[in-house]
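Here is the structure we will look at.
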Amino acid sequence: MNISVKTASHTYEVVIGHHILAQAFANYKQLFDKADQIIVLTDKHVWQAQEKYFTESSFFAFKTFIMPAGESCKSFANYEAVQTFLLEQQCTRKSLIIAFGGGAVGDLTGFVAATYMRGIPFIQVPTTILAHDSAVGGKTAINHTLGKNMIGAFYQPQAVLYDTALLASLPKREVLSGMAEVIKHAMIADTQWLEEILQGNVTQLPQELLAQYLALGVRVKANIVEQDETEQSVRKYLNLGHTYGHALEAAAGYGRLAHGEAVMIGLVYCLLLSERYGQITRNFTKRFLHFAVANGYPFTAVNDYSFDELTTYLVKDKKAEYGDLQFVLLKAIGEPFVQKIELAVCQEVDKELRSLLA
Ligand code: NAD
Ligand code: ZN
């Protein structure tokens with residue numbers, strides 16, 4: 001399945017399917033042939049689990065740089081180490097970089113590609129469910145000690161080659177984390193799709209259905225990014241669940257709650273807030289919460305932090321993203337909007353969430 005993403009800089013394809021990597025590489029032969037060198041940036045877990053599959057799928061020669069796994073690959077130290085490696089290998093503007101990993105590897109690689117010699121081409125080969133979101137849309141970044149994703153660039157890949165066979169080695173927790181972003185895309189865009197998801201178990205989706213959901217998620221994201229590449233308007237909708245989610249993620253210390261785990265809690269928080277502004281009912285919120293808990297999302301994490309502790313991060317998120325305390329809410333499923341919310345209301349809703357969880 002191919003999905004086109006049209007942006008101001010260029011149009012590229014997201015190719016999705018099971019066991020498609022070798023064929024997809026072959027279809028992009030021209031891109032590989034014209035590169036003077038091909039560098040694969042990956043992390044140690046991904047390479048350990050998928051080196052054989054990657055190597056067997058590729059027809060071209062490449063050099064590999066293996067990074068620490070997870071958020072630590074988005075550090076300044078690792079960014080510098082990668083740039084040093086590229087310089088030592090005498091990479092030029094004609095070299096091609098492949099991001100082989102989850103969102104962390106993709107974000108780091110995109111930023112490396114955007115800045116090495118003022119920009120060289122790169123391809124995303126995502127290996128997580130979450131990366132159906134992060135690999136599309138051109139946001140690249142590394143972390144600063146004062147904030148996550150604070151240093152970055154908008155920089156689009158040449159292609160995204162998404163082989164769902166790579167997801168077989170993904171730990172269950174990462175499946176849950178990634179599915180939260182799939183669910184977010186369904187909530188933003190499609191009542192029927194969300195209803196279908198709510199009937200099932202997100203960690204036991206048949207392979208074909210998972211590929212279909214990832215393609216639907218990519219379509220939602222691509223559609224929004226095409227309208228608003230640099231987040232001036234509708235791209236904000238993709239932050240559904242992320243304001244409260246980011247606060248929890250930051251309070252926990254990045255890495256302790258997986259991104260999607262925090263986002264899932266943030267989605268329930270947004271449903272509760274949305275009840276005040278549209279057609280979302282308390283019954284629906286409870287049904288959604290029941291689904292999320294039954295699927296194994298760690299809602300008890302909320303009890304580890306007081307609202308006051310979360311406030312520090314809520315306010316920080318506000319400064320970073322909006323210049324005011326604003327949330328993406330839903331008038332109904334498929335109808336997102338941005339709403340200014342007073343801190344006192346945030347606190348009331350935080351209380352509602354905690355009492356629902358009690
Ligand atoms: P990740 O890249 O850290 O991967 C999660 C863990 O799974 C890591 O330990 C990794 O080594 C391991 N892993 C990945 N693929 C595997 C596989 N196939 N088999 C076995 N292990 C595997 O995390 P993620 O959840 O994919 O992405 C999170 C990152 O994405 C965050 O840094 C977040 O800021 C970023 N993000 C970016 C965007 C964007 O638009 N750029 C959007 C959402 C999230
Ligand atoms: Zn997210």
### Task
Please give the number of the condition GLU229 fails out of (1) closer than 22 Å to LEU108 by Cα; (2) within 16 Å of ligand 2 (Cβ to nearest atom).
(2)
### Query
For ALA153, which of the numbered conditions (1) hydrophobic (A, V, I, L, M, F, W, C); (2) modelled with pLDDT of 95 or more; (3) more than 16 Å from SER9 (Cα to Cα) fails to hold?
(3)
### Task
Tell me, please, whether a residue that is outside the structural domain of LEU257 (by TED's automatic domain parsing), within 16 Å of ligand 2 (Cβ to nearest atom) and surrounded by 21 or more Cβ atoms within 10 Å (Cβ to Cβ) can be found in region 142-165.
yes
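Just checking, how many residues over region 43-78 are in a helix (DSSP H, G or I), out of contact with any Asp or Glu (no Cβ under 7 Å at 6 or more places or on another chain) and within 29 Å of GLY260 (Cα to Cα)?
The total comes to 17.
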#### Entry: Qualifying helices (runs of 4 or more DSSP H) (wholly inside region 225-334; at least 2 residues being under 19 Å from the mean Cα position of the chain (by Cα))
242-252, 259-274, 307-321
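Considering GLU261, GLU309, GLU275, GLU348, which residue is touching a helix residue (DSSP H, G or I) at 6+ places or on another chain (Cβ under 7 Å), surrounded by fewer than 17 Cβ atoms within 10 Å (Cβ to Cβ) and acidic (Asp, Glu)?
Values: GLU261 fails: surrounded by fewer than 17 Cβ atoms within 10 Å (Cβ to Cβ); GLU275 fails: surrounded by fewer than 17 Cβ atoms within 10 Å (Cβ to Cβ); GLU348 fails: touching a helix residue (DSSP H, G or I) at 6+ places or on another chain (Cβ under 7 Å).
Residue meeting the stated conditions: GLU309.
The values are calculated or read from the model by the stated rules, or taken from the named source; none is laboratory data. Predicted model, so just to flag it, every value in this text is computed and none were measured. Backbone-built Cβ (ideal geometry, glycine too); neighbour counts: all protein chains shown.
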